[in-house]
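The values are calculated or read from the model by the stated rules, or taken from the named source; none is laboratory data. Quick caveat, the model's predicted, so the values are computed rather than measured. Glycine gets a Cβ as well: all are built from the backbone with ideal geometry, and neighbour counts include every protein chain shown.
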Amino acid sequence: MAPLSERAAVRRLLDRFGFGPRPGEPDAAGGFDRAADALLSATDDPAAPAPPALAPEPKPGKDKQARRQAQEQLRLEQAALTVWWLDRMVAAGVPLVERLTWFWHGHFATSAQKVRSARLMLAQNQTLRRLGLGDFAVLAKAMAVDPAMLIWLDGQKNTAKAANENLARELMELFTLGVGNYTEQDVREGARALTGWKVDRNTITASLAGRQHDAGAKTVLGHTGALDAASLVDVLVAQPASPRFVAQRLWFRLVSTAPADDDALGRLVAAYGPGRDVRGLLRAITAEPGFRDERSTLVKQPVEWAVGLMRALRIRPSALPEADRTKLLAGLRGMGQVPFLPPSVGGWPSGGAWLTTSAALARLQVARLLTAHADLSALSGRDPVAAAGALFGVDGWSERTAAALRRVAGQPAQLATVAAVAPEYVVSG
């Protein structure tokens, strides 16, 4: 294992626990330990951009014009909500809260395509942000009865007379335990515990309809009782598999696609502890030698890449002209990742899945779009190639990349574009 230098470790920390450094941040951080302390003490920023005003969901009506108008309202509100969240990610001074909100959005993946309500997606997003660094059990309980989640996984169709197993299955397989740590009978019994929840789209709330809830005894993973949603989650998170599962999921997204070894996993689980402390688990991750291993590279997800680029260029998505905001969202679609629109309940892929030819073309188009709005005067000095590294927080370019950068050294916009799509920036080292 070859450890990173102190500066490279700081840059990795800013990449993995945030969305990449702003110019000068790695050197101003005061070393790895101080940077980690600053990030891990993060709370939500009271000066963060306020969410957009969202109207109640339109009632489509029967005629084509009313349906088109309703569809257009949903499209515009979803776009406004997406730009707002991108704005929060870009603007965050200490971005761990937004980074973990983004992680949990992929973990408890819910798509607006089926939910069809910007207000419900916003409410879920705010819940993830509020609870994402605390007790995982509290977060999981909130997600089990979250209105958007209930619609996404057919929780409203789950009644005492006609149990629907979708939510119970994903709660076990994808959210709390992982494959192989439950049985089909556990799923059936868990579905009974989740019966009776209904969503009120007008009030953006979910409530338990008593007559549709199965109040009888259920047995899940050897525990028998009159389980409901909250007590079912308590049973799941108390299983020995659950802390290991949560720790490995965070490791997979923040450190390496190679699982944490048994010794490291034991330390992470101990830090997570009986209080299921997500912040404590993150602190333990930063202390692991594997976090500083130079081999632990990750391909940036498209949203992480775009947000990091905007942070480096000091561009706010909301400040872009409307036509360019539309192009930015189209570029994210072209790369295969738009907030609030995960492709499935399993969330988005990772690693080489983002390195397709079509994604590379979309990445280039977004880079050109954003660099056209940036102040690139820093790239006009004597050593523009080194200046590009300083701008994007890249410690060094390969000879191939450096040669490509030198060819456009007198053209700041092209230089920044080439740097933004270079492997050294697209892959978090």
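Working only within region 327-381, note down all residues that are under 30 Å from Glu165 (Cβ atoms) and polar (S, T, N, Q).
First, pick out the residues of region 327-381 that are under 30 Å from Glu165 (Cβ atoms): 336-350, 353.
Residues satisfying the conditions are Gln337, Ser344, Ser350.
Looking only at region 227-258, how many residues end up being out of contact with any Ser or Thr (no Cβ under 6 Å at 6 or more places or on another chain) and among the polar types (S, T, N, Q)?
Matching residues across region 227-258 total 4.
Out of Ala193, Ala209, report the one residue that is touching a Gly at 6+ places or on another chain (Cβ under 6 Å) and either at pLDDT below 95 or under 28 Å from Arg119 (Cα atoms) (or both).
On the way: Ala193 fails: touching a Gly at 6+ places or on another chain (Cβ under 6 Å).
So the residue among Ala193, Ala209 that is touching a Gly at 6+ places or on another chain (Cβ under 6 Å) and either at pLDDT below 95 or under 28 Å from Arg119 (Cα atoms) (or both) is Ala209.
Could you tell me whether Ser242 is out of contact with any strand residue (DSSP E or B) (no Cβ under 9 Å at 6 or more places or on another chain) and among the polar types (S, T, N, Q)?
Numbers: out of contact with any strand residue (DSSP E or B) (no Cβ under 9 Å at 6 or more places or on another chain): yes; among the polar types (S, T, N, Q): yes.
Considered against the rule, which asks whether it is out of contact with any strand residue (DSSP E or B) (no Cβ under 9 Å at 6 or more places or on another chain) and among the polar types (S, T, N, Q), Ser242 comes out as yes.
Residues checked against (1) under 13 Å from Ala420 (Cα atoms); (2) modelled with pLDDT under 95; (3) basic (Lys, Arg):
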| site | (1), (2), (3) |
| --- | --- |
| Pro343 | no, no, no |
| Gly346 | no, no, no |
| Gly351 | no, yes, no |
| Trp354 | no, yes, no |
| Ala362 | yes, no, no |
| Gln365 | yes, no, no |
| Leu369 | yes, no, no |
| Ala374 | yes, no, no |
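Does region 127-152 hold any residues that are under 17 Å from the mean Cα position of the chain (by Cα) and β-branched (Val, Ile, Thr), and which are they?
Thr127 - this is the single residue of region 127-152 that is under 17 Å from the mean Cα position of the chain (by Cα) and β-branched (Val, Ile, Thr).
List pairs: first in region 203-222 and within 17 Å of Glu184 (Cα to Cα), second surrounded by 19 or more Cβ atoms within 10 Å (Cβ to Cβ) and aromatic (Phe, Trp, Tyr), Cβ under 7 Å, 6+ apart or cross-chain?
Leu221/Tyr182
Pick out the one residue from Gln78, Gln124, Gln73 that is modelled with pLDDT under 95, out of contact with any strand residue (DSSP E or B) (no Cβ under 7 Å at 6 or more places or on another chain) and of a type outside the set (A, V, I, L, M, F, W, C).
Numbers: Gln78 fails: modelled with pLDDT under 95; Gln124 fails: modelled with pLDDT under 95.
Residue meeting the stated conditions: Gln73.
Would you please name the residue that is farthest from Gly132 (Cα to Cα), looking only at residues in region 166-187 that are under 22 Å from the mean Cα position of the chain (by Cα) and not hydrophobic (A, V, I, L, M, F, W, C)?
Filtering first and then ranking leaves Arg169.
Please enumerate the residues belonging to region 391-429 that are surrounded by fewer than 17 Cβ atoms within 10 Å (Cβ to Cβ), within 19 Å of Arg12 (Cβ to Cβ), more than 26 Å from the chain's Cα centre (by Cα) and at pLDDT 95 or above.
Ser398
Please verify whether Phe291 is modelled with pLDDT of 95 or more, assigned by TED's automatic domain parsing to the domain that holds Glu170 and under 20 Å from the mean Cα position of the chain (by Cα), treating the condition exactly as stated. Outline the logic, then answer.
On the way: modelled with pLDDT of 95 or more: yes; assigned by TED's automatic domain parsing to the domain that holds Glu170: yes; under 20 Å from the mean Cα position of the chain (by Cα): yes.
In short, yes.
Might you check whether a residue that is assigned to a loop (DSSP other than H, G, I, E, B) and basic (Lys, Arg) occurs anywhere in region 285-296? Write out each step before concluding.
Here is the first cut: in region 285-296, the ones assigned to a loop (DSSP other than H, G, I, E, B) are 288, 294-296.
The next check asks that each one be basic (Lys, Arg); those that pass are 295.
Yes, because at least one residue in region 285-296 is assigned to a loop (DSSP other than H, G, I, E, B) and basic (Lys, Arg).
Considering only residues that are within 20 Å of Val235 (Cβ to Cβ) and buried (at least 17 other Cβ atoms within 10 Å of the Cβ), which ones fall in region 255-277? Quick ask: steps written out before the conclusion?
Step one: list which residues in region 255-277 are within 20 Å of Val235 (Cβ to Cβ), which gives 269, 272-277.
Selection gives Val269, Tyr272, Arg276, Asp277.
The rows are residues; the columns are (1) part of a loop (DSSP other than H, G, I, E, B); (2) at pLDDT below 95.
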position	(1), (2)
Met1	yes, yes
Ala8	no, yes
Arg12	no, no
Phe19	yes, no
Arg22	yes, yes
Asp27	no, yes
Asp37	no, no
Ala42	yes, yes
Ala53	yes, yes
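Looking only at region 253-281, how many residues end up being part of a loop (DSSP other than H, G, I, E, B) and either modelled with pLDDT under 95 or under 25 Å from Pro302 (Cα atoms) (or both)?
Start the filter on region 253-281 by keeping residues that are part of a loop (DSSP other than H, G, I, E, B), which leaves 255-261, 273-276.
When the remaining residues are screened for being either modelled with pLDDT under 95 or under 25 Å from Pro302 (Cα atoms) (or both), the result is 255-260.
The total comes to 6.
Scan Thr286, Thr257 and give me the residue that is under 22 Å from the mean Cα position of the chain (by Cα) and over 23 Å from Arg129 (Cβ atoms).
Values: Thr286 fails: over 23 Å from Arg129 (Cβ atoms).
Of Thr286, Thr257, the one residue that is under 22 Å from the mean Cα position of the chain (by Cα) and over 23 Å from Arg129 (Cβ atoms) is Thr257.
Across region 1-59, what is the number of residues that are over 22 Å from the mean Cα position of the chain (by Cα) and either in the same structural domain as Ala378 (by TED's automatic domain parsing) or farther than 16 Å from Gly396 by Cβ (or both)?
Looking only at that region, the number is 19.
Report the residue count in region 324-345 for those that are among the hydroxyl-bearing types (Ser, Thr, Tyr) and farther than 19 Å from His373 by Cβ.
Filtering region 324-345 down to residues among the hydroxyl-bearing types (Ser, Thr, Tyr) leaves 326, 344.
With the extra rule that they be farther than 19 Å from His373 by Cβ, the set shrinks to 344.
Of the residues in that region, 1 qualify.
Which count do you get for residues in region 223-243 that are closer than 18 Å to Pro274 by Cβ and in contact (Cβ under 8 Å) with a residue 60 or more places away in the chain?
Residues of region 223-243 that are closer than 18 Å to Pro274 by Cβ, as a first pass: 223, 230-231, 233-243.
Remaining after also requiring in contact (Cβ under 8 Å) with a residue 60 or more places away in the chain: 230, 233-234, 236-237, 239, 241-242.
Qualifying residue count, region 223-243: 8.
Limited to region 321-354, what total is found for residues that are part of a loop (DSSP other than H, G, I, E, B), in contact (Cβ under 8 Å) with a residue 60 or more places away in the chain and not polar (S, T, N, Q)?
Pass one, region 321-354, residues part of a loop (DSSP other than H, G, I, E, B): 321, 336-350.
Those left that are additionally in contact (Cβ under 8 Å) with a residue 60 or more places away in the chain: 338-348, 350.
This time we only want the ones that are not polar (S, T, N, Q), so: 338-343, 345-348.
Going through region 321-354 one residue at a time, the tally reaches 10.
So, restricting to helices (runs of 4 or more DSSP H) that lie completely within region 99-188, which ones have at least 1 residues that are among the aliphatic types (A, V, I, L, M), under 15 Å from Arg249 (Cα atoms) and assigned by TED's automatic domain parsing to the domain that holds Arg201?
Values: elements: 112-115, 118-131, 136-144, 147-152, 166-170.
Once the helices (runs of 4 or more DSSP H) in region 99-188 are filtered for at least 1 residues that are among the aliphatic types (A, V, I, L, M), under 15 Å from Arg249 (Cα atoms) and assigned by TED's automatic domain parsing to the domain that holds Arg201, what remains is 136-144.
Please enumerate the residues belonging to region 366-389 that are buried (at least 17 other Cβ atoms within 10 Å of the Cβ) and assigned to a helix (DSSP H, G or I).
Selection gives Val366, Ala367, Arg368, Leu369, Leu370, Thr371, Leu379, Pro384, Val385, Ala387, Ala388, Gly389.
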